[in-house]
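Notes follow the structure.
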Amino acid sequence: MKEQGDREPGDATHGPARAGRRLTTRETAELLGVKPETVYAYVSRGQLSSRRDPGGRGSTFDAEEVAALAGRNRRESSGSPATGGELSIRTRLTLIERDRYYFRGVDATELAARHSYEEVAEWLWTGELRPGVTFTAPKASVTAARRAIDSLPEHSGPVDRLRVAAIAAAAADPLRFDLSEAAVLGTARTLIPTLVAALPPVIRSHRDSGPLADRLWARLSGRTPDEASLRVLDTALALLADHDLAASTLAVRVAASARAHAYAAVSAGLGALEGPLHGAASPLAHRLLLDVLDHGSVAPVIADELRVGRSIPGLGHRLYTGEDPRARALFALLEDIPEAAPALAAARDLVATSARHTPLHANIDLALAVLTVSFGMPATAGETVFAVARTAGWIAHTLEEYGERPLRMRPSGQYVGARPPQPLPQ
């Protein structure tokens, strides 16, 4: 007898997934074998599209799209060869469980609260803490990276700059093809500060020494930071250092599986991060918060988003049923920052108002938006923080993948085209 989550599209319970058929939230949840709130999490992450029912109070979903997602979920949970074989990747780095996450078995939010970003990065890489460690960028790497960035058009985004900086730093390192653990750790400790140092500073009297958060602040905000503000940014970096196999991290592991050097693996991660369903979520939440603050009310802003069929950025996460623990940790720190009060209140009003029709919680993108709005940073600042922070996790996964069988992530395509032999095209 099949369990609820094993129903096939076209079972008598739901009927065939014929074109144009719409499903209710309850029907969609039953077909996917999940809770209704998880359905909305799929929507927030772009895995499903929804439409308000003109004659009802809830959302409806395209039956064919739901059936396709149900099929993908079944294949992934069963490890079907049709999906490419090795989908479950063993890792000792990050565990996400019961709305909490852990770095090498240690609660990541507690680790970030007590240790700097650099110390958390070392813990991910080696399983050892190095109290007081700071990362230093070689002058040659910084010079090469800055020259490369200076050649980019003015409208280039932060990920454009970081990707170009990583490539330039690689070109300046003749030993980049040494994949030994010691060499890759050396690369990690110089690449991350190089990425930061290559970004154009906003504060003229900036320093390129000291904790990484101090140096990054000078690239994000023109305001002089105090100790509490720098602590928020440093904690954000540490919280974002890794998060299991997100799309960008998977791209990194594929590159490392092919034995690409660490710079190239990080470049692969930056390429995937730039997708609108990954790294671009924080800028969207930033602009939404600014709209709320401009209007003085959440309701009209949410109404505008729903009217055009967009999901609310900053809400929901497929791996958490409750509030994203990273968001919760950042919100707690931002409560002690007076200038963050308006954006923090707007974010909480956003969550409360949205919950009336979409039972989703705040995620890290919304917390980053509160941080960037509060300190007068541009909308792209959250994406920059995310990319710099996650480089630590990408390096950790690169090291881990180097210890696995080469080219193990080489899936076989499931060919669905015309069967041969076909006549030669004229």
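The values are calculated or read from the model by the stated rules, or taken from the named source; none is laboratory data. Please read these numbers as outputs of a predicted model, since none were measured by experiment. Because the Cβ atoms are built from the backbone with ideal geometry, glycine has one as well, and the counts that use them run over all protein chains shown.
Keeping to the stretch 184-210, report how many residues are free of Cβ contacts under 8 Å to residues at least 12 places away in the same chain and within 18 Å of V133 (Cα to Cα).
Of the residues in the stretch 184-210, 2 are free of Cβ contacts under 8 Å to residues at least 12 places away in the same chain and within 18 Å of V133 (Cα to Cα).
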| message | Any residue at all in the stretch 154-161 that's part of a loop (DSSP other than H, G, I, E, B), assigned by TED's automatic domain parsing to the domain that holds R390 and buried (at least 18 other Cβ atoms within 10 Å of the Cβ)? | response | no
| query | Checking A166 against (1) surrounded by 23 or more Cβ atoms within 10 Å (Cβ to Cβ); (2) part of a loop (DSSP other than H, G, I, E, B), which test does it fail? | reply | (2)
| message | Quick test for you: out of D214, D178, D234, D226, pick the one residue that is touching a Lys or Arg at 6+ places or on another chain (Cβ under 9 Å) and in the same structural domain as A265 (by TED's automatic domain parsing). | response | D214
| task | Would you mind stating whether T380 is over 23 Å from A241 (Cβ atoms), of a type in the set (S, T, N, Q), touching a helix residue (DSSP H, G or I) at 6+ places or on another chain (Cβ under 9 Å) and in contact (Cβ under 8 Å) with a residue 40 or more places away in the chain? | result | no
| query | If only one of R259, R253, R310 is of a type outside the set (V, I, T), assigned to a loop (DSSP other than H, G, I, E, B) and under 30 Å from A171 (Cβ atoms), which one is it? | reply | R259
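With A345, A340, A303, A327 as the choices, which residue is modelled with pLDDT under 95 and aliphatic (A, V, I, L, M)?
A303
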| note | Just one listed residue, out of A251, A260, A241, A213, is closer than 21 Å to I364 by Cβ, free of Cβ contacts under 8 Å to residues at least 40 places away in the same chain and surrounded by 17 or more Cβ atoms within 10 Å (Cβ to Cβ), and it is A251
| Tell me, which helices (runs of 4 or more DSSP H) wholly within the stretch 341-426 include 3 or more residues that are not assigned by TED's automatic domain parsing to the domain that holds V266 and not charged (D, E, K, R)? | none
| field | Matching residues in the stretch 345-378 - criterion: being surrounded by fewer than 24 Cβ atoms within 10 Å (Cβ to Cβ) and acidic (D, E) | value | D349
